Amino acid sequence: MIAVSARRTLLPLSLVVALHAAAHAQATVPARAPAPAGATAAWTLKLKGDIRWQQVTPAGALLVSTDEALSGVDIERGVVAWEKPELSGLPADSVRIVEGSLLMEAARPGLLLIFDPVTGAAVFDSRRPGLGQIVTRRVLPQSGTLLVHGRAAGAGAGSSVVALYDLVTGEQRWANAALFEQTDPKKKGLGGLMQGLVRAASEATALEVLQAGPDMIVVHTLMGLRGLDARTGAVRWSAALPTARAGNPARHVRLYPSLNKPDRIYVSFDDRLMAYRLADGQAVWSKPATVEGWVHDIVEHPDGIVILPESPPANQATGNVRIVNGVVQTGLNVARYEDGTTIAGKPLRMRGTVTDAMIVGGSAVLAVDAESRTFVNVLDVATATVRLKKDVKIKGQLAYAELTPGGGGLLYISRPDAATNAEVNVIDLATGEPNFKDAIESGKPLSSGDYNAARYALHHVVEGTTLYVFASHDHRLYAIDRNAGTFRALGGEIKLQGGEDPVDMEIRPAGIVLIAPQNLVVVARDGQVKQQVYYPAPQLPGLLRALYRINAMRAGLYGAAASAYGDAFAQASRTATDSNARRITGQLATAYSQGGAQLTGYSHQAAALASKRFRASLTVPGSVFMLTRAPEGNGNVLLQIDKDSGQPRARVDLGKEREPVYAVDDVAGMLFLRTASGTLVGYRL
């Protein structure tokens, strides 16, 4: 089975909040549904100033913004752990998670602050080194550090500094102001001018950074590849990337860790891929492996490195350019680990950018984008040949793929967009024809302005040999036999109230659960509806704005929490749909859940909370939350709905406020509600 994304594998999105109001709402709750008990208030906290917004961080701390300060709240004890008056009154979108870390960053004119949300300790403060422009910032968990590349305020070329900061103390471990110095002989005249221009451009361009073990940091600037000693910042080695024309800076550079050969890294640039030794920066291969087009990504399959090409801009293409219907054509190849030679004598012709290669045993399912149209094929990696004579066009974008047990069929599910339905089908690899004459299709919005990807997706779950799919096109549940490659509809139409469609789907002991903003339906495995509840959304714009904010916060929380498992995960997550990503993710998940090396450098408090939170997140919560009107007609309530029974477990009264300030943390099982101007109450659900 191919996971749609590594992030989804680790952290399934289990909390659904209302996104829009139901136009003609009629509550239909089972007649004998027990009245939900009120949630227990665990603590009450009085803060300085009026509470503007709240945000739950991946580390488990709660950030609360007031007119007086940005504060970190210990959610277990209900006390203020720290305050930062200099960050008072910041808009919610000015405080973000630092990608690939447990840290947060806050920005306002003239200030960038990166801090530990649990302890409040500042890891980086742009005022201290006097940097007016921050170009690159990367957290490197293997060495417990933060790498920052910036330029001094008001200075010109030659003023760039790369520095490393300790994640716990914020102390600067080292600074290197010579990283952008010319390593090749200085030239005169036009050559010297070009060298100066390249240096200036390099200082202003974000670095490509890869932590290659605890002692080595590899960076790429426009001036070349550098291996830095992680302890001192000294340049251990330099390497020039062998471009097609000597002296031309490499473009589209990416660095990749080696999954099974720890002595090296891989670097892609232009139409080329090269391997370099970590010890001294020497090339492992005598020459680069090449494809037609730019290198989009690589997939390290046991039988070779699959090099995925993308269509470069027509005026920057390398080699013989082929353009068909306005699309620059590409060529894919597979490189051998030993010497970088390619298995195919000539690159395999592709219609455009190969966006993904989903590994299934010895094969890889290729997804090719050509002017927003998606084509698929199956690559035999060991021979670098494709199974289908001609790429097959599918609707939408490839989201899931597997080969049927006999290997003769490609079962796939696609994602929709505002203009195209998604579909489920099986392609016969012998003929290239679809097995289903009438494919299972998703619904399609009447206008792009009403488009919601989650609402129109083909939600699916797998249980044994059966793949269940719900299609909003006809509101029916389908069962696909993964062995036979056949499908059948289960039961009749499942219509949700309020004009809604499911935005999530789970399989549980009680059955298949369809979740919408204000609906929850439990369906038996034969397609019969066992339970269905509907709670209309309040009609106040202020409430809906609050819900939008909560939804946006949670999307950021889950995305960042997944990337926080380590720097290697962040590197691998560019593919995120193949077995390489899943293998790395599994290794990091083990290290993370045991408080291992991936938490090196973080404060003890942050590491302990993050480990506890990670373990808790592996259990899919058994409830969802819905905001609705109070049955008594007095204000609004947030209900906790059991996914198996459809019954309310608990409720929190939100009162009659038009813009309530609250946050829900289903990992910790808590809700935080502003009950007065500066008063915060934590409810345990």
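The values are calculated or read from the model by the stated rules, or taken from the named source; none is laboratory data. Please read these numbers as outputs of a predicted model, since none were measured by experiment. Here Cβ is always computed from backbone atoms with ideal geometry, including for glycine, and neighbour counts include all displayed protein chains.
Among residues that are surrounded by fewer than 18 Cβ atoms within 10 Å (Cβ to Cβ), within 30 Å of THR221 (Cβ to Cβ) and β-branched (Val, Ile, Thr), THR145 is not included.
Hey, among ARG615, ARG651, which residue is farther than 26 Å from GLN532 by Cα, of a type in the set (D, E, K, R) and either at pLDDT 65 or above or not in a strand (DSSP E or B) (or both)? Spell out how you get there, then give the answer.
Values: ARG651 fails: farther than 26 Å from GLN532 by Cα.
Exactly one residue qualifies, and that residue is ARG615.
Sort out which residues of region 370-393 are out of contact with any Leu (no Cβ under 9 Å at 6 or more places or on another chain) and either of a type in the set (Phe, Trp, Tyr) or modelled with pLDDT under 95 (or both), and write them in order of number. If you could, list the steps in order and put the result at the bottom.
From region 370-393, those out of contact with any Leu (no Cβ under 9 Å at 6 or more places or on another chain) are 370-373, 380-383, 389-390, 393; that's our starting set.
Those that are out of contact with any Leu (no Cβ under 9 Å at 6 or more places or on another chain) and either of a type in the set (Phe, Trp, Tyr) or modelled with pLDDT under 95 (or both): ALA370, GLU371, SER372, ARG373, LYS389, LYS390, LYS393.
On the stretch given as region 263-292, residues that are touching a residue at least 40 places away in the same chain (Cβ under 8 Å) and over 15 Å from GLY227 (Cβ atoms) total 11. Within region 401-440, take every residue that is at pLDDT 90 or above and in contact with a His (Cβ under 9 Å, 6 or more places away or on another chain) and give me the one that is nearest to GLU500 (Cα to Cα). Across region 401-440, the extreme among qualifying residues is ILE440.
Looking only at region 314-352, residues that are in contact with a Phe, Trp or Tyr (Cβ under 9 Å, 6 or more places away or on another chain), modelled with pLDDT of 90 or more and buried (at least 22 other Cβ atoms within 10 Å of the Cβ) come to 3 in all. Confirm whether ASP356 is at pLDDT 90 or above and farther than 13 Å from SER268 by Cα. Taking the combined requirement at face value, the residue does not satisfy it.
Only one residue in LEU164, LEU63 is at pLDDT 90 or above, among the hydrophobic types (A, V, I, L, M, F, W, C) and either closer than 30 Å to ARG674 by Cα or surrounded by fewer than 18 Cβ atoms within 10 Å (Cβ to Cβ) (or both). Which one? Don't jump to the end; show me each part of the working.
Working: LEU164 fails: either closer than 30 Å to ARG674 by Cα or surrounded by fewer than 18 Cβ atoms within 10 Å (Cβ to Cβ) (or both).
Only one candidate qualifies: LEU63.
Taken as a whole, the condition of being surrounded by fewer than 22 Cβ atoms within 10 Å (Cβ to Cβ), small (Gly, Ala, Ser), more than 31 Å from the chain's Cα centre (by Cα) and modelled with pLDDT under 75 does not apply to GLY596. Taken as a whole, the structure leaves GLU371 outside the set of residues that are under 30 Å from SER286 (Cβ atoms) and acidic (Asp, Glu). The listed residues are LEU379, LEU388, and the only one of them that is surrounded by fewer than 21 Cβ atoms within 10 Å (Cβ to Cβ) and aliphatic (A, V, I, L, M) turns out to be LEU388. Take the residues of region 89-106 that are of a type in the set (A, V, I, L, M, F, W, C) and in a strand (DSSP E or B): which is modelled with the lowest pLDDT? Top of the filtered list is ILE97. Screening region 289-313 for residues that are surrounded by fewer than 23 Cβ atoms within 10 Å (Cβ to Cβ) and part of a loop (DSSP other than H, G, I, E, B) and picking the one that is modelled with the lowest pLDDT gives PRO313. Evaluating GLN26 against the criteria (1) surrounded by fewer than 21 Cβ atoms within 10 Å (Cβ to Cβ); (2) at pLDDT 65 or above; (3) at negative phi leaves one unmet condition, (2).
Does ASP369 satisfy the condition of being surrounded by 22 or more Cβ atoms within 10 Å (Cβ to Cβ), closer than 24 Å to TRP294 by Cβ and touching a Ser or Thr at 6+ places or on another chain (Cβ under 8 Å)? Step through it out loud before you land on a result.
Numbers: surrounded by 22 or more Cβ atoms within 10 Å (Cβ to Cβ): no; closer than 24 Å to TRP294 by Cβ: yes; touching a Ser or Thr at 6+ places or on another chain (Cβ under 8 Å): yes.
It is false that ASP369 is surrounded by 22 or more Cβ atoms within 10 Å (Cβ to Cβ), closer than 24 Å to TRP294 by Cβ and touching a Ser or Thr at 6+ places or on another chain (Cβ under 8 Å).
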